[in-house]
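Participant: Sharing a structure, written as C-alpha coordinates. Questions coming.
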Amino acid sequence: MFGQQTMQQLQPLVRGMMTSSVASSAAPALAAKTSSGGGIASLFGFGNARVEVPLSEPLPGVTAPLKGIVPTVAPKLETSVLSTGTKVATINSISPVTTVYLAAPGGSAYETAATAGASKVLEAMAFKATNNRTTFRLTRELEKIGAVAYSKVGRDSVGFAVDTVNIHAPEAVEILLDSVLNARYTYWETRESLDVIKENLSKALAQPGTVLAEVLHRAAFDGSLGAPLLVDPSALDSFTSHTLREYALSILQPSKVVLAAVGADHATIKSLSEDLIANVHSSGAAAAPRPSTYVGGTVNVLGTSSLTHAALAFEAKGGISDSKAAAVAAVTKALLDDARAALPWTRKESDVFSSFASFSYLYKDTGLVGVTASGSSSSQLVDAICKKVESVAKGVSDVQLKQAKAVAIGNYKATLASSAGAVSVIAPQILATGKFDAAEFVQKVESLTASDVSSFLAKATKSSPTFVTYGSLANLPRHESIAKRFG
(Lines give C-alpha, C1' and ligand atoms only; values in the text may rest on other atoms or scores of the structure.)
Protein backbone atom coordinates (compact mmCIF):
# COMPACT_ATOMS: atom_id res chain seq x y z
CA MET A 1 0.00 0.00 0.00
CA PHE A 2 2.89 2.35 0.83
CA GLY A 3 6.25 2.37 -0.88
CA GLN A 4 9.39 1.74 1.16
CA GLN A 5 10.59 5.35 0.71
CA THR A 6 7.21 6.71 1.89
CA MET A 7 7.31 4.46 4.96
CA GLN A 8 10.76 5.75 5.87
CA GLN A 9 9.51 9.35 5.65
CA LEU A 10 6.36 8.77 7.73
CA GLN A 11 7.96 6.75 10.50
CA PRO A 12 9.85 9.59 12.27
CA LEU A 13 6.83 11.90 11.94
CA VAL A 14 4.50 9.41 13.56
CA ARG A 15 7.06 8.53 16.22
CA GLY A 16 7.28 12.21 17.22
CA MET A 17 3.52 12.32 17.73
CA MET A 18 3.34 9.23 19.95
CA THR A 19 3.53 10.37 23.57
CA SER A 20 3.57 6.77 24.68
CA SER A 21 6.95 6.22 23.00
CA VAL A 22 8.36 9.22 24.90
CA ALA A 23 7.01 7.85 28.17
CA SER A 24 8.50 4.44 27.46
CA SER A 25 11.95 5.84 26.78
CA ALA A 26 11.76 8.00 29.91
CA ALA A 27 10.57 5.13 32.14
CA PRO A 28 11.97 1.68 31.36
CA ALA A 29 9.62 0.26 33.98
CA LEU A 30 6.82 0.72 31.47
CA ALA A 31 8.19 -2.06 29.33
CA ALA A 32 6.25 -4.65 31.28
CA LYS A 33 3.02 -2.66 30.98
CA THR A 34 2.88 -2.30 27.20
CA SER A 35 1.20 -4.39 24.59
CA SER A 36 1.13 -4.75 20.85
CA GLY A 37 -0.71 -1.99 19.08
CA GLY A 38 -2.08 -4.34 16.41
CA GLY A 39 -1.55 -4.50 12.67
CA ILE A 40 -1.42 -0.77 11.98
CA ALA A 41 1.09 -0.17 14.78
CA SER A 42 3.22 -3.07 13.58
CA LEU A 43 3.09 -1.67 10.07
CA PHE A 44 4.72 1.57 11.27
CA GLY A 45 7.17 -0.16 13.59
CA PHE A 46 5.45 0.56 16.96
CA GLY A 47 4.18 -2.84 17.91
CA ASN A 48 5.17 -2.56 21.59
CA ALA A 49 4.71 1.18 22.14
CA ARG A 50 1.20 1.38 23.59
CA VAL A 51 1.08 2.12 27.35
CA GLU A 52 -1.64 0.38 29.38
CA VAL A 53 -1.29 2.52 32.52
CA PRO A 54 -4.60 4.35 33.10
CA LEU A 55 -4.50 8.12 32.82
CA SER A 56 -5.74 8.37 36.40
CA GLU A 57 -2.55 6.71 37.72
CA PRO A 58 1.00 8.12 37.78
CA LEU A 59 3.47 6.63 35.32
CA PRO A 60 5.89 4.31 37.12
CA GLY A 61 9.46 5.56 37.12
CA VAL A 62 8.49 9.09 36.05
CA THR A 63 9.12 11.93 38.50
CA ALA A 64 6.12 14.22 38.75
CA PRO A 65 6.91 17.85 37.83
CA LEU A 66 6.43 20.62 40.36
CA LYS A 67 2.91 22.02 40.39
CA GLY A 68 4.21 25.55 40.74
CA ILE A 69 7.01 27.68 42.02
CA VAL A 70 6.24 28.16 45.69
CA PRO A 71 8.77 30.33 47.53
CA THR A 72 10.11 28.87 50.74
CA VAL A 73 10.08 32.34 52.30
CA ALA A 74 7.20 34.79 51.88
CA PRO A 75 8.12 37.91 49.86
CA LYS A 76 9.00 40.83 52.13
CA LEU A 77 9.00 44.55 51.68
CA GLU A 78 12.50 45.96 51.17
CA THR A 79 13.15 49.67 51.55
CA SER A 80 16.07 52.00 51.07
CA VAL A 81 16.80 55.69 50.56
CA LEU A 82 18.80 56.99 47.59
CA SER A 83 21.40 59.72 47.77
CA THR A 84 18.78 62.14 46.43
CA GLY A 85 16.46 61.36 49.34
CA THR A 86 14.10 59.30 47.20
CA LYS A 87 12.55 56.37 49.07
CA VAL A 88 12.52 53.02 47.23
CA ALA A 89 10.25 50.17 48.33
CA THR A 90 9.93 46.82 46.57
CA ILE A 91 8.39 43.39 47.02
CA ASN A 92 9.86 40.67 44.82
CA SER A 93 6.72 38.59 44.38
CA ILE A 94 6.41 35.49 42.18
CA SER A 95 3.87 37.18 39.94
CA PRO A 96 4.87 37.41 36.27
CA VAL A 97 3.58 41.00 36.31
CA THR A 98 5.64 43.91 37.58
CA THR A 99 4.13 47.25 38.54
CA VAL A 100 6.37 50.25 39.10
CA TYR A 101 4.72 53.21 40.84
CA LEU A 102 6.05 56.71 41.52
CA ALA A 103 4.12 58.63 44.20
CA ALA A 104 4.57 62.29 45.08
CA PRO A 105 2.89 64.66 47.54
CA GLY A 106 0.47 66.60 45.37
CA GLY A 107 -3.14 66.71 44.33
CA SER A 108 -5.65 69.43 45.01
CA ALA A 109 -4.27 70.02 48.52
CA TYR A 110 -1.10 71.44 46.96
CA GLU A 111 -2.85 73.72 44.49
CA THR A 112 -3.19 77.47 44.84
CA ALA A 113 -5.66 79.91 43.34
CA ALA A 114 -3.27 80.31 40.40
CA THR A 115 -2.83 76.55 39.85
CA ALA A 116 -6.40 75.38 40.51
CA GLY A 117 -7.10 72.25 38.47
CA ALA A 118 -3.39 71.60 37.83
CA SER A 119 -3.48 68.09 39.29
CA LYS A 120 -6.15 66.99 36.81
CA VAL A 121 -4.17 68.50 33.95
CA LEU A 122 -1.04 66.71 35.19
CA GLU A 123 -2.96 63.44 35.23
CA ALA A 124 -3.96 63.90 31.59
CA MET A 125 -0.47 65.02 30.53
CA ALA A 126 1.30 62.01 32.00
CA PHE A 127 3.45 59.89 29.68
CA LYS A 128 3.79 62.43 26.92
CA ALA A 129 6.90 64.11 25.44
CA THR A 130 10.01 64.33 27.61
CA ASN A 131 13.45 65.88 27.18
CA ASN A 132 14.63 62.53 25.80
CA ARG A 133 11.61 61.15 23.95
CA THR A 134 8.77 62.28 21.77
CA THR A 135 5.26 61.16 22.66
CA PHE A 136 5.30 58.85 19.64
CA ARG A 137 8.57 57.19 20.68
CA LEU A 138 7.43 56.79 24.28
CA THR A 139 4.19 55.19 23.17
CA ARG A 140 5.96 52.78 20.84
CA GLU A 141 8.47 51.77 23.52
CA LEU A 142 5.66 51.01 25.95
CA GLU A 143 3.95 48.90 23.29
CA LYS A 144 7.19 47.08 22.54
CA ILE A 145 7.52 45.78 26.10
CA GLY A 146 3.79 45.11 26.44
CA ALA A 147 3.39 47.78 29.10
CA VAL A 148 0.41 49.81 30.25
CA ALA A 149 1.06 53.27 31.70
CA TYR A 150 -1.41 55.28 33.74
CA SER A 151 -1.67 58.00 36.36
CA LYS A 152 -4.09 59.04 39.07
CA VAL A 153 -4.41 62.02 41.34
CA GLY A 154 -6.03 62.42 44.72
CA ARG A 155 -6.41 65.17 47.26
CA ASP A 156 -3.03 64.69 48.90
CA SER A 157 -0.93 62.69 46.43
CA VAL A 158 -0.33 61.95 42.76
CA GLY A 159 0.79 58.65 41.30
CA PHE A 160 2.25 57.40 38.03
CA ALA A 161 2.56 53.70 37.18
CA VAL A 162 3.71 51.25 34.54
CA ASP A 163 2.51 47.61 34.40
CA THR A 164 4.57 45.10 32.42
CA VAL A 165 5.96 41.57 32.55
CA ASN A 166 8.80 41.27 35.04
CA ILE A 167 11.52 40.63 32.47
CA HIS A 168 10.96 44.22 31.30
CA ALA A 169 11.07 45.78 34.78
CA PRO A 170 14.30 47.73 34.04
CA GLU A 171 12.78 49.31 30.93
CA ALA A 172 9.62 50.15 32.85
CA VAL A 173 11.60 51.95 35.56
CA GLU A 174 13.56 53.98 33.02
CA ILE A 175 10.45 54.98 31.05
CA LEU A 176 8.52 55.86 34.22
CA LEU A 177 11.23 58.09 35.70
CA ASP A 178 11.94 59.80 32.39
CA SER A 179 8.24 60.43 31.74
CA VAL A 180 7.60 61.96 35.16
CA LEU A 181 10.84 63.75 36.06
CA ASN A 182 11.84 64.93 32.58
CA ALA A 183 8.43 65.81 31.13
CA ARG A 184 8.38 68.75 28.70
CA TYR A 185 4.71 69.79 28.98
CA THR A 186 4.63 71.26 25.50
CA TYR A 187 2.24 74.07 24.65
CA TRP A 188 0.35 72.18 21.92
CA GLU A 189 -0.11 68.98 23.92
CA THR A 190 -1.32 70.95 26.92
CA ARG A 191 -3.91 72.79 24.82
CA GLU A 192 -5.15 69.54 23.30
CA SER A 193 -5.41 67.92 26.72
CA LEU A 194 -7.32 70.85 28.19
CA ASP A 195 -10.21 70.33 25.76
CA VAL A 196 -10.47 66.67 26.82
CA ILE A 197 -10.16 67.54 30.52
CA LYS A 198 -12.96 70.10 30.35
CA GLU A 199 -15.25 67.59 28.72
CA ASN A 200 -14.39 64.92 31.31
CA LEU A 201 -14.93 67.37 34.17
CA SER A 202 -18.36 68.29 32.81
CA LYS A 203 -19.34 64.63 32.64
CA ALA A 204 -17.97 63.89 36.12
CA LEU A 205 -19.80 66.81 37.70
CA ALA A 206 -23.06 65.47 36.26
CA GLN A 207 -22.71 62.22 38.23
CA PRO A 208 -24.45 62.31 41.65
CA GLY A 209 -21.88 60.08 43.35
CA THR A 210 -18.96 62.18 42.13
CA VAL A 211 -20.64 65.40 43.17
CA LEU A 212 -21.37 64.05 46.66
CA ALA A 213 -17.74 63.01 47.22
CA GLU A 214 -16.49 66.39 46.00
CA VAL A 215 -18.93 68.51 47.99
CA LEU A 216 -18.45 66.29 51.06
CA HIS A 217 -14.79 67.31 51.34
CA ARG A 218 -15.51 70.97 50.74
CA ALA A 219 -18.03 70.96 53.58
CA ALA A 220 -16.00 68.79 55.96
CA PHE A 221 -12.59 70.47 55.89
CA ASP A 222 -11.28 73.97 56.26
CA GLY A 223 -7.89 74.01 54.56
CA SER A 224 -6.14 72.12 51.80
CA LEU A 225 -8.30 68.97 51.97
CA GLY A 226 -11.34 71.15 51.31
CA ALA A 227 -9.86 72.47 48.06
CA PRO A 228 -11.75 71.31 44.95
CA LEU A 229 -10.30 68.30 43.16
CA LEU A 230 -12.84 68.64 40.36
CA VAL A 231 -12.82 72.30 39.40
CA ASP A 232 -15.36 74.04 37.21
CA PRO A 233 -14.29 73.57 33.57
CA SER A 234 -14.30 77.35 33.03
CA ALA A 235 -11.51 77.66 35.63
CA LEU A 236 -9.13 76.11 33.08
CA ASP A 237 -9.76 78.69 30.37
CA SER A 238 -6.60 80.62 31.25
CA PHE A 239 -4.53 77.57 32.19
CA THR A 240 -1.18 77.32 30.35
CA SER A 241 1.69 74.88 30.00
CA HIS A 242 3.80 77.29 32.06
CA THR A 243 1.34 76.97 34.96
CA LEU A 244 1.48 73.19 34.72
CA ARG A 245 5.27 73.19 34.62
CA GLU A 246 5.50 75.34 37.76
CA TYR A 247 3.06 73.11 39.63
CA ALA A 248 4.88 69.91 38.57
CA LEU A 249 8.27 71.29 39.64
CA SER A 250 6.87 72.21 43.04
CA ILE A 251 5.63 68.69 43.85
CA LEU A 252 7.96 66.38 41.89
CA GLN A 253 11.03 66.95 44.04
CA PRO A 254 13.35 63.89 44.04
CA SER A 255 13.73 64.11 47.82
CA LYS A 256 9.95 63.94 48.30
CA VAL A 257 8.89 61.12 45.97
CA VAL A 258 8.52 57.40 46.64
CA LEU A 259 9.34 54.74 44.04
CA ALA A 260 7.55 51.45 44.74
CA ALA A 261 7.63 48.23 42.74
CA VAL A 262 5.99 44.83 43.14
CA GLY A 263 7.39 41.88 41.22
CA ALA A 264 10.91 43.27 40.87
CA ASP A 265 14.32 42.80 42.50
CA HIS A 266 15.16 45.54 45.01
CA ALA A 267 18.84 45.80 44.12
CA THR A 268 18.03 46.19 40.42
CA ILE A 269 15.40 48.88 40.99
CA LYS A 270 17.62 50.75 43.44
CA SER A 271 20.64 50.71 41.12
CA LEU A 272 18.66 51.89 38.11
CA SER A 273 16.77 54.63 39.94
CA GLU A 274 19.92 55.92 41.63
CA ASP A 275 21.54 56.64 38.27
CA LEU A 276 18.40 58.03 36.66
CA ILE A 277 17.24 60.30 39.49
CA ALA A 278 20.75 61.59 40.19
CA ASN A 279 20.70 63.29 36.78
CA VAL A 280 17.47 65.17 37.52
CA HIS A 281 18.01 68.81 38.39
CA SER A 282 15.06 70.03 40.43
CA SER A 283 14.28 73.71 40.52
CA GLY A 284 11.65 75.69 42.32
CA ALA A 285 10.49 75.59 45.89
CA ALA A 286 8.71 72.51 47.19
CA ALA A 287 4.97 72.99 47.63
CA ALA A 288 3.46 72.77 51.10
CA PRO A 289 -0.27 72.34 51.73
CA ARG A 290 -2.23 74.49 54.13
CA PRO A 291 -3.18 72.74 57.40
CA SER A 292 -6.60 71.08 57.28
CA THR A 293 -9.11 71.20 60.09
CA TYR A 294 -12.31 69.21 60.28
CA VAL A 295 -15.28 71.57 60.74
CA GLY A 296 -18.31 69.71 59.37
CA GLY A 297 -21.33 71.39 57.87
CA THR A 298 -24.05 71.07 55.27
CA VAL A 299 -24.07 71.72 51.53
CA ASN A 300 -27.14 71.13 49.37
CA VAL A 301 -26.72 71.07 45.59
CA LEU A 302 -29.82 71.35 43.42
CA GLY A 303 -29.63 68.87 40.55
CA THR A 304 -31.74 67.52 37.72
CA SER A 305 -32.13 64.09 39.35
CA SER A 306 -35.62 63.21 40.56
CA LEU A 307 -34.06 61.36 43.49
CA THR A 308 -32.36 62.80 46.55
CA HIS A 309 -28.74 61.69 46.92
CA ALA A 310 -27.32 62.20 50.39
CA ALA A 311 -24.11 61.53 52.30
CA LEU A 312 -23.49 61.68 56.05
CA ALA A 313 -19.94 61.60 57.36
CA PHE A 314 -17.88 62.09 60.51
CA GLU A 315 -14.18 62.66 61.08
CA ALA A 316 -11.86 59.66 61.31
CA LYS A 317 -9.17 61.21 63.50
CA GLY A 318 -5.65 59.90 63.07
CA GLY A 319 -5.98 58.93 59.41
CA ILE A 320 -3.47 56.45 58.04
CA SER A 321 -0.76 57.71 60.42
CA ASP A 322 -2.59 55.97 63.26
CA SER A 323 -2.79 52.25 62.48
CA LYS A 324 -5.53 51.63 65.04
CA ALA A 325 -7.62 54.52 63.74
CA ALA A 326 -7.25 53.16 60.20
CA ALA A 327 -8.32 49.70 61.40
CA VAL A 328 -11.37 51.08 63.23
CA ALA A 329 -12.36 53.11 60.17
CA ALA A 330 -12.18 49.99 57.97
CA VAL A 331 -14.29 47.95 60.39
CA THR A 332 -16.78 50.79 60.84
CA LYS A 333 -17.17 51.04 57.08
CA ALA A 334 -17.99 47.32 56.96
CA LEU A 335 -20.45 47.62 59.85
CA LEU A 336 -22.29 50.50 58.22
CA ASP A 337 -22.86 48.34 55.16
CA ASP A 338 -23.28 45.01 56.95
CA ALA A 339 -25.72 43.48 54.45
CA ARG A 340 -23.16 43.47 51.64
CA ALA A 341 -20.79 40.93 53.21
CA ALA A 342 -23.18 37.99 53.58
CA LEU A 343 -26.14 38.42 51.27
CA PRO A 344 -25.63 40.94 48.47
CA TRP A 345 -29.20 40.40 47.26
CA THR A 346 -30.61 41.55 50.62
CA ARG A 347 -28.71 44.84 50.67
CA LYS A 348 -31.89 46.82 50.23
CA GLU A 349 -32.79 46.95 53.91
CA SER A 350 -35.65 49.42 53.44
CA ASP A 351 -37.90 50.64 50.69
CA VAL A 352 -36.56 54.10 51.49
CA PHE A 353 -33.21 53.38 49.85
CA SER A 354 -32.78 53.21 46.09
CA SER A 355 -29.07 52.71 46.73
CA PHE A 356 -26.90 52.51 49.83
CA ALA A 357 -23.14 52.25 50.45
CA SER A 358 -20.57 53.09 53.09
CA PHE A 359 -17.24 54.85 52.51
CA SER A 360 -13.96 55.68 54.16
CA TYR A 361 -11.52 58.37 52.97
CA LEU A 362 -8.24 58.38 54.91
CA TYR A 363 -5.46 60.95 54.69
CA LYS A 364 -2.29 61.51 56.67
CA ASP A 365 -3.76 62.76 59.96
CA THR A 366 -7.49 62.74 59.38
CA GLY A 367 -10.23 61.29 57.24
CA LEU A 368 -13.93 60.72 56.76
CA VAL A 369 -16.15 57.71 57.37
CA GLY A 370 -19.85 57.52 56.68
CA VAL A 371 -22.63 56.44 54.35
CA THR A 372 -24.18 57.57 51.11
CA ALA A 373 -27.66 56.72 49.87
CA SER A 374 -30.38 57.81 47.49
CA GLY A 375 -34.17 57.72 47.63
CA SER A 376 -37.34 59.37 46.42
CA SER A 377 -38.39 60.81 49.79
CA SER A 378 -35.74 63.17 51.14
CA SER A 379 -37.08 63.36 54.71
CA GLN A 380 -37.40 59.59 55.05
CA LEU A 381 -34.00 59.10 53.43
CA VAL A 382 -32.23 61.36 55.93
CA ASP A 383 -34.01 59.71 58.84
CA ALA A 384 -33.04 56.22 57.64
CA ILE A 385 -29.38 57.24 57.17
CA CYS A 386 -29.20 58.70 60.67
CA LYS A 387 -30.79 55.57 62.17
CA LYS A 388 -28.22 53.43 60.40
CA VAL A 389 -25.33 55.34 61.99
CA GLU A 390 -27.08 55.47 65.37
CA SER A 391 -27.58 51.70 65.41
CA VAL A 392 -23.85 51.06 64.98
CA ALA A 393 -22.90 53.79 67.45
CA LYS A 394 -25.08 52.19 70.17
CA GLY A 395 -23.09 48.98 69.96
CA VAL A 396 -22.63 45.87 67.84
CA SER A 397 -22.83 42.17 68.60
CA ASP A 398 -19.86 39.82 68.55
CA VAL A 399 -21.23 38.20 65.40
CA GLN A 400 -21.50 41.55 63.62
CA LEU A 401 -18.01 42.55 64.72
CA LYS A 402 -16.52 39.24 63.59
CA GLN A 403 -18.15 39.58 60.20
CA ALA A 404 -17.03 43.19 59.83
CA LYS A 405 -13.45 42.26 60.71
CA ALA A 406 -13.47 39.51 58.08
CA VAL A 407 -14.78 41.95 55.47
CA ALA A 408 -12.19 44.61 56.34
CA ILE A 409 -9.29 42.15 56.24
CA GLY A 410 -10.64 40.49 53.09
CA ASN A 411 -10.91 43.81 51.24
CA TYR A 412 -7.39 44.75 52.34
CA LYS A 413 -5.89 41.45 51.21
CA ALA A 414 -7.80 41.58 47.93
CA THR A 415 -6.25 44.98 47.20
CA LEU A 416 -2.76 43.71 47.98
CA ALA A 417 -3.25 40.53 45.91
CA SER A 418 -2.39 42.22 42.61
CA SER A 419 0.78 44.11 41.76
CA ALA A 420 -1.11 47.24 40.74
CA GLY A 421 -3.26 47.16 43.87
CA ALA A 422 -0.32 46.60 46.19
CA VAL A 423 1.77 49.52 44.95
CA SER A 424 -1.26 51.83 45.06
CA VAL A 425 -1.42 51.14 48.81
CA ILE A 426 2.29 50.86 49.64
CA ALA A 427 3.56 54.01 47.92
CA PRO A 428 1.01 56.53 49.31
CA GLN A 429 1.36 55.11 52.82
CA ILE A 430 5.15 55.36 52.78
CA LEU A 431 4.75 58.83 51.35
CA ALA A 432 2.51 59.86 54.26
CA THR A 433 4.00 57.92 57.16
CA GLY A 434 7.42 56.71 56.04
CA LYS A 435 6.54 53.04 56.57
CA PHE A 436 4.24 50.22 55.49
CA ASP A 437 3.33 47.09 57.44
CA ALA A 438 0.42 45.00 56.19
CA ALA A 439 0.70 42.56 59.09
CA GLU A 440 0.33 45.39 61.59
CA PHE A 441 -2.93 46.53 59.99
CA VAL A 442 -4.36 43.00 60.06
CA GLN A 443 -3.28 42.58 63.69
CA LYS A 444 -4.92 45.86 64.66
CA VAL A 445 -8.17 44.83 62.99
CA GLU A 446 -8.19 41.42 64.66
CA SER A 447 -7.55 42.93 68.10
CA LEU A 448 -10.46 45.40 67.94
CA THR A 449 -13.28 44.97 70.42
CA ALA A 450 -16.87 46.13 70.27
CA SER A 451 -16.05 48.83 72.81
CA ASP A 452 -13.27 50.15 70.56
CA VAL A 453 -15.70 50.62 67.69
CA SER A 454 -18.40 52.13 69.92
CA SER A 455 -15.88 54.52 71.49
CA PHE A 456 -14.65 55.60 68.08
CA LEU A 457 -18.16 56.33 66.83
CA ALA A 458 -19.21 58.00 70.08
CA LYS A 459 -16.35 60.49 69.78
CA ALA A 460 -16.90 60.96 66.05
CA THR A 461 -20.63 61.61 66.30
CA LYS A 462 -20.17 64.21 69.02
CA SER A 463 -18.37 66.44 66.54
CA SER A 464 -20.30 68.39 63.95
CA PRO A 465 -21.54 65.98 61.25
CA THR A 466 -20.98 66.59 57.55
CA PHE A 467 -24.19 66.27 55.57
CA VAL A 468 -24.45 66.92 51.83
CA THR A 469 -27.20 66.32 49.30
CA TYR A 470 -27.68 66.46 45.54
CA GLY A 471 -30.79 66.35 43.37
CA SER A 472 -34.26 66.95 44.74
CA LEU A 473 -34.02 69.14 47.86
CA ALA A 474 -37.68 69.24 48.91
CA ASN A 475 -38.40 68.66 52.62
CA LEU A 476 -34.76 68.35 53.66
CA PRO A 477 -34.15 68.76 57.40
CA ARG A 478 -31.80 71.50 58.59
CA HIS A 479 -28.25 70.82 59.73
CA GLU A 480 -29.12 71.66 63.34
CA SER A 481 -31.76 68.94 63.55
CA ILE A 482 -29.30 66.33 62.25
CA ALA A 483 -26.56 67.47 64.64
CA LYS A 484 -28.94 67.20 67.63
CA ARG A 485 -29.55 63.53 66.91
CA PHE A 486 -25.87 62.75 67.50
CA GLY A 487 -24.88 65.52 69.92
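The values are calculated or read from the model by the stated rules, or taken from the named source; none is laboratory data. Keep in mind it's a predicted model, so treat the numbers as computed, not measured. Positions of Cβ are backbone-derived with ideal geometry, glycine not excepted, and every protein chain shown enters the neighbour counts. Accessible surface areas use protein heavy atoms only, side chains included; no ligands, DNA or RNA. Shrake-Rupley method; radii C 1.70, N 1.55, O 1.52, S 1.80 Å.
Participant: Which of the residues that make up segment 437-465 are within 19 Å of ALA316 (Cβ to Cβ) and hydrophobic (A, V, I, L, M, F, W, C)?
Facilitator: PHE441, VAL442, VAL445, LEU448, ALA450, VAL453, PHE456, LEU457, ALA458, ALA460
Participant: On to the next question. Only residues in segment 192-205 that are without any contact (Cβ under 8 Å) to a residue 60 or more places away in the chain count as the first member; pair them with residues that are open to solvent by less than 60 Å² (accessible area, probe 1.4 Å) and not in a helix (DSSP H, G or I), Cβ under 9 angstrom, at least 6 apart or cross-chain, and list the lot.
Facilitator: Sorted first by the residue in segment 192-205, then by its partner, the pairs are ALA204/LEU230; LEU205/LEU230.
Participant: How about segment 327-341: which of its residues are open to solvent by less than 60 Å² (accessible area, probe 1.4 Å) and modelled with pLDDT under 70?
Facilitator: ASP338, ALA339, ALA341
Participant: Then there is this: Can you find, within segment 459-487, the residue that is nearest to ALA384 (Cα to Cα) among those that are open to solvent by 40 Å² or more (accessible area, probe 1.4 Å) and not in a loop (DSSP other than H, G, I, E, B)?
Facilitator: Checked segment 459-487; the qualifying residue nearest to ALA384 (Cα to Cα) is ARG485.
Participant: Using beta carbons and a limit of 8 Å, which pairs, at least six apart or on different chains, have the first residue in segment 111-129 and farther than 15 Å from PHE160 by Cβ and the second one aliphatic (A, V, I, L, M) and open to solvent by 30 Å² or more (accessible area, probe 1.4 Å)?
Facilitator: Going by the 8 Å Cβ cut-off, the qualifying pairs are ALA116/ALA235; GLY117/ALA235.
Participant: Still on this structure, I have one more. LEU368 is checked against (1) surrounded by fewer than 21 Cβ atoms within 10 Å (Cβ to Cβ); (2) part of a strand (DSSP E or B) and fails just one. What number does that condition carry?
Facilitator: The single condition LEU368 does not satisfy is (1).
Participant: Now for a different question. Before we move on, is SER250 out of contact with any Pro (no Cβ under 9 Å at 6 or more places or on another chain), part of a helix (DSSP H, G or I) and farther than 30 Å from LEU312 by Cβ?
Facilitator: yes
Participant: Tell me which residues, restricted to segment 407-422, are under 12 Å from ALA330 (Cα atoms) and touching a helix residue (DSSP H, G or I) at 6+ places or on another chain (Cβ under 7 Å).
Facilitator: If the condition is that a residue be under 12 Å from ALA330 (Cα atoms) and touching a helix residue (DSSP H, G or I) at 6+ places or on another chain (Cβ under 7 Å), then VAL407, ALA408, ILE409, TYR412 are the ones that fit.
Participant: For residues in segment 167-192 being touching a Ser or Thr at 6+ places or on another chain (Cβ under 7 Å) and open to solvent by 60 Å² or more (accessible area, probe 1.4 Å), which is farthest from ILE430 (Cα to Cα)?
Facilitator: Filtering segment 167-192 for residues that are touching a Ser or Thr at 6+ places or on another chain (Cβ under 7 Å) and open to solvent by 60 Å² or more (accessible area, probe 1.4 Å), the one farthest from ILE430 (Cα to Cα) comes out as TYR187.
Participant: Given the criteria assigned to a loop (DSSP other than H, G, I, E, B) and not aromatic (Phe, Trp, Tyr), does SER454 qualify?
Facilitator: When the stated conditions are applied, SER454 does not pass them.
Participant: Right, here's the next one. Which of (1) crowded, with 19+ Cβ neighbours inside 10 Å; (2) in contact (Cβ under 8 Å) with a residue 60 or more places away in the chain; (3) small (Gly, Ala, Ser) does SER241 not meet, given it meets every other one?
Facilitator: (2)
Participant: So if I check each of ALA235, ALA220, ALA227, ALA264, which one is under 30 Å from ILE91 (Cα atoms) and in contact (Cβ under 8 Å) with a residue 12 or more places away in the chain?
Facilitator: ALA264
Participant: If you scan segment 132-190, which residues turn out to be small (Gly, Ala, Ser), without any contact (Cβ under 8 Å) to a residue 40 or more places away in the chain and out of contact with any Asp or Glu (no Cβ under 6 Å at 6 or more places or on another chain)?
Facilitator: GLY146, ALA147, ALA149
Participant: Which residues, counting only those in segment 127-157, are loosely packed, with under 15 Cβ neighbours inside 10 Å, assigned to a loop (DSSP other than H, G, I, E, B) and of a type in the set (Ser, Thr, Tyr)?
Facilitator: Result: THR134, single match.
Participant: Exactly one of (1) open to solvent by 40 Å² or more (accessible area, probe 1.4 Å); (2) of a type in the set (Gly, Ala, Ser); (3) touching a helix residue (DSSP H, G or I) at 6+ places or on another chain (Cβ under 9 Å); (4) closer than 25 Å to PHE160 by Cβ is unmet by ALA438. Its number?
Facilitator: (1)
Participant: Still on this structure, I have one more. Assuming ALA287 fulfils every condition listed in (1) open to solvent by less than 40 Å² (accessible area, probe 1.4 Å); (2) at pLDDT 90 or above; (3) under 27 Å from the mean Cα position of the chain (by Cα) apart from one, which condition is it?
Facilitator: (2)
Participant: Of the residues ALA103, ALA113, only one is at pLDDT 85 or above, within 27 Å of ALA235 (Cα to Cα) and either among the aromatic types (Phe, Trp, Tyr) or in a strand (DSSP E or B) (or both); which?
Facilitator: ALA103
Participant: Also: Scan segment 399-419 for residues that are surrounded by fewer than 16 Cβ atoms within 10 Å (Cβ to Cβ) and either among the basic types (Lys, Arg) or under 16 Å from GLY159 (Cα atoms) (or both) and jot them down.
Facilitator: Selection gives LYS402, LYS413.
Participant: While we're on this one: Which residue pairs have Cβ atoms closer than 8 Å, lie 6 or more positions apart in sequence or on different chains, and pair a first residue in segment 421-441 that is within 15 Å of ALA327 (Cβ to Cβ) with a second residue that is assigned to a loop (DSSP other than H, G, I, E, B) and of a type in the set (D, E, K, R)?
Facilitator: Final answer for the pair search is GLN429/LYS435; THR433/LYS364.
Participant: Output the residues belonging to segment 127-150 that are within 25 Å of ALA267 (Cα to Cα) and touching a strand residue (DSSP E or B) at 6+ places or on another chain (Cβ under 9 Å).
Facilitator: LEU142, ILE145, GLY146, ALA147, VAL148, ALA149, TYR150, listed by residue number.
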